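Notes follow once the structure below has been shown.
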Ligand code: GLN
């Protein structure tokens, strides 16, 4: 069979299994099996597939049909226009988390943001996107998982930001050596009881998803750790899950009565990012 014929066969199989983006995914799987890029694939459409290549491809297709996310099979996911390596020790970056990056960049235009901490960085997608867009900023990225930090390191190397991002191993803000101007976090916020509802969650690290009984355990823990880790006048940006904006806003208002709190929806209208600005602004608390 030629590559072209194989591609359409793979696509038909993925379509039959209700895989949403079958045309793209069949191409990604074939490229992964042949270890070639898009252009090489299109230049080789009439070439016959060797038996080993064929076997490798069908193994990859089987993994996909068993529900494994394409990002773990190819080891790649695009985020904010950049390619990131991923493996099952890290959450697969979601497009809606780009809002966190956009909000951080907007804040950096409005106020002095010299130092940033990203908490629970995983593959590093957010910290690295920020490092590349804010060349003057000093960035800390923390994670409690040593395996995740290996992936972060790899991605920092890939994007040439090893010297720009200080990777810290530990629980949320605990390893931070100095107060920062901005804290950004996409913490685990899925309710424990709902963890298996989304198929990709079965493959992703529960450490990156499980927000405890109400989904808000980790967010609450981070908020209570803030103390003097955030400079006076500094900001906090949190990604949240559907239906969590009220509870998170109430929590933040109780802990930081003088700060301004806003909630921004993502492109599908779901409240996604809570921002707290003007941390500890003395004199305004009344
Ligand atoms: N948005 C992710 C999901 O629903 C969850 C990410 C998280 O817990 N931070 O799959």
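The values are calculated or read from the model by the stated rules, or taken from the named source; none is laboratory data. Not measured: the values here are computed from a predicted model. Cβ coordinates were reconstructed from backbone atoms using ideal geometry, including for glycine residues, and neighbour counts include every protein chain displayed.
Table for the structure above
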{"read-out": "Selection within region 232-250 - crowded, with 18+ Cβ neighbours inside 10 Å and away from the ligand (no atom under 16 Å from the Cβ)", "value": "234, 235"}
{"read-out": "Qualifying residue in region 165-188 (condition: over 29 Å from residue 111 (Cα atoms) and buried (at least 16 other Cβ atoms within 10 Å of the Cβ))", "value": "no"}
{"read-out": "Whichever residue in region 196-217 is free of Cβ contacts under 8 Å to residues at least 60 places away in the same chain and assigned to a helix (DSSP H, G or I) and, among such residues, is nearest to the ligand (Cβ to nearest atom)", "value": "201"}
{"read-out": "Qualifying position, being under 17 Å from residue 94 (Cα atoms) and modelled with pLDDT under 95, among 209, 187, 237, 195", "value": "195"}
{"read-out": "In region 32-46, the residues that are surrounded by 13 or more Cβ atoms within 10 Å (Cβ to Cβ), touching a residue at least 40 places away in the same chain (Cβ under 8 Å) and under 12 Å from residue 6 (Cβ atoms)", "value": "44"}
{"read-out": "For residue 94: the one exception among (1) closer than 17 Å to residue 204 by Cα; (2) modelled with pLDDT under 95", "value": "(2)"}
{"read-out": "Test: residue in region 41-51 that is out of contact with any helix residue (DSSP H, G or I) (no Cβ under 6 Å at 6 or more places or on another chain) and under 25 Å from residue 83 (Cα atoms)", "value": "yes"}
{"read-out": "Residue within region 109-120 that is in a loop (DSSP other than H, G, I, E, B) and without any contact (Cβ under 8 Å) to a residue 24 or more places away in the chain present", "value": "no"}
{"read-out": "Residue list for region 172-192, filter: in a loop (DSSP other than H, G, I, E, B) and away from the ligand (no atom under 16 Å from the Cβ)", "value": "173, 174, 175, 176, 177, 178, 179"}
{"read-out": "Condition met for residue 155 (within 13 Å of the ligand (Cβ to nearest atom) and farther than 16 Å from residue 113 by Cβ)", "value": "no"}
{"read-out": "Criterion (surrounded by 15 or more Cβ atoms within 10 Å (Cβ to Cβ) and within 16 Å of the ligand (Cβ to nearest atom)) met by exactly one of 137, 131, 141", "value": "141"}
{"read-out": "Residues satisfying the stated conditions in region 102-119, i.e. under 16 Å from the mean Cα position of the chain (by Cα) and more than 16 Å from residue 156 (Cβ to Cβ)", "value": "102, 103, 104, 119"}
